[in-house]
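Student: My structure is below; once you've seen it, I'll send some questions.
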Amino acid sequence: MIIPYHRDYEKIAMGLLSYTPHEKKVKKLQNTMSQYENNHNWQLYLWKEEAIIGVVGIEKDGETVYLQHLCVNPSYREEGIGKKIVRELEAYTGYELCPTKSTSSFLSSCNDCND
């Protein structure tokens with residue numbers, strides 16, 4: 001289930017984002033969180049099953065919406081959860097997500113299958 005980010009979820013979101021290669025350094029992670037909290041064109045969502053296990057972030061640039069971040073707790077990887085998150089987020093927001101350099105291969109794999 002998609003949950004819009006709220007500041008109450010900051011530590012959970014930061015913990016999940018820290019699993020992404022570009023967000024390992026604390027300063028970079030703090031800047032990323034600041035971007036999501038202060039820029040209305042950047043939106044962060046959490047993915048909840050029995051617990052919050054994923055995070056996904058988008059950036060709106062005019063009519064284009066970019067998938068900036070997607071991370072699933074390593075204990076839940078290789079289960080198709082990332083693809084479920086993308087499909088659910090597109091349905092929830094009504095946006096078709098476009099890739100960034102760091103998300104292009106993942107989004108391409110989401111579009112290559114119908115599972």
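The values are calculated or read from the model by the stated rules, or taken from the named source; none is laboratory data. Quick caveat, the model's predicted, so the values are computed rather than measured. Please note: Cβ atoms are built from the backbone with ideal geometry, for glycine as well, and neighbour counts cover all protein chains shown.
Student: Take the residues in region 50-91 that are loosely packed, with under 15 Cβ neighbours inside 10 Å and hydroxyl-bearing (S, T, Y), then tell me which one is farthest from L17 (Cα to Cα).
Tutor: Step by step, filter region 50-91, then rank; the result is T64.
Student: What number of residues within region 1-27 satisfy the criterion of being surrounded by 14 or more Cβ atoms within 10 Å (Cβ to Cβ) and either farther than 18 Å from Y95 by Cβ or among the aromatic types (F, W, Y) (or both)?
Tutor: Final tally of qualifying residues: 13.
Listed here are the residues, each with its yes/no results for (1) in a helix (DSSP H, G or I); (2) under 21 Å from M1 (Cβ atoms); (3) free of Cβ contacts under 8 Å to residues at least 60 places away in the same chain.
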| position | (1), (2), (3) |
| --- | --- |
| Q35 | yes, no, yes |
| E79 | no, yes, yes |
| I85 | yes, yes, no |
| E88 | yes, yes, no |
| Y95 | no, yes, yes |
| S102 | no, no, no |
| S108 | yes, no, yes |
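Student: If I filter region 74-85 down to residues being under 12 Å from the mean Cα position of the chain (by Cα) and of a type outside the set (A, V, I, L, M), which single residue comes out as farthest from S109 (Cα to Cα)?
Tutor: Step one: of region 74-85, the residues under 12 Å from the mean Cα position of the chain (by Cα) are 81-85.
Now narrow it down to the ones that are of a type outside the set (A, V, I, L, M): 82-84.
On the way: G82: 10, K83: 9, K84: 12 Å.
Per the stated criteria, the residue is K84.
Student: Please verify whether K60 is basic (K, R), under 22 Å from Y9 (Cβ atoms), in contact with a Gly (Cβ under 9 Å, 6 or more places away or on another chain) and touching a residue at least 12 places away in the same chain (Cβ under 8 Å), treating the condition exactly as stated. Walk me through how you get there before you give the answer.
Tutor: Numbers: basic (K, R): yes; under 22 Å from Y9 (Cβ atoms): yes; in contact with a Gly (Cβ under 9 Å, 6 or more places away or on another chain): no; touching a residue at least 12 places away in the same chain (Cβ under 8 Å): yes.
No, not satisfied.
Student: Look at K101 and say whether it is crowded, with 17+ Cβ neighbours inside 10 Å and among the basic types (K, R). I'd like the intermediate steps shown before the answer.
Tutor: Details: crowded, with 17+ Cβ neighbours inside 10 Å: no; among the basic types (K, R): yes.
Criteria not met by K101.
Student: Has region 33-53 got any residue that is among the hydroxyl-bearing types (S, T, Y), in contact with a helix residue (DSSP H, G or I) (Cβ under 7 Å, 6 or more places away or on another chain) and modelled with pLDDT of 95 or more?
Tutor: Keep residues of region 33-53 that are among the hydroxyl-bearing types (S, T, Y), which gives 34, 36, 45.
From what is left, the residues that are in contact with a helix residue (DSSP H, G or I) (Cβ under 7 Å, 6 or more places away or on another chain) are 45.
When the remaining residues are screened for being modelled with pLDDT of 95 or more, the result is 45.
Checked against the condition, which is being among the hydroxyl-bearing types (S, T, Y), in contact with a helix residue (DSSP H, G or I) (Cβ under 7 Å, 6 or more places away or on another chain) and modelled with pLDDT of 95 or more, region 33-53 yields at least one hit.
Student: Can I ask one more? Which of the residues that make up region 92-115 are of a type in the set (A, V, I, L, M, F, W, C) and over 16 Å from L17 (Cβ atoms)? Spell out the reasoning first.
Tutor: The first filter runs over region 92-115 and keeps only residues of a type in the set (A, V, I, L, M, F, W, C), leaving 97-98, 106-107, 110, 113.
Correct list: L97, C98, L107, C110, C113.
Student: Identify the residue in region 52-70 that is part of a strand (DSSP E or B) and charged (D, E, K, R) and, among all such residues, is nearest to W42 (Cα to Cα).
Tutor: Let us first name the residues in region 52-70 that are part of a strand (DSSP E or B), namely 52-61, 64-70.
The next check asks that each one be charged (D, E, K, R); those that pass are 59-61.
Values: E59: 4, K60: 6, D61: 9 Å.
Here the answer is E59.
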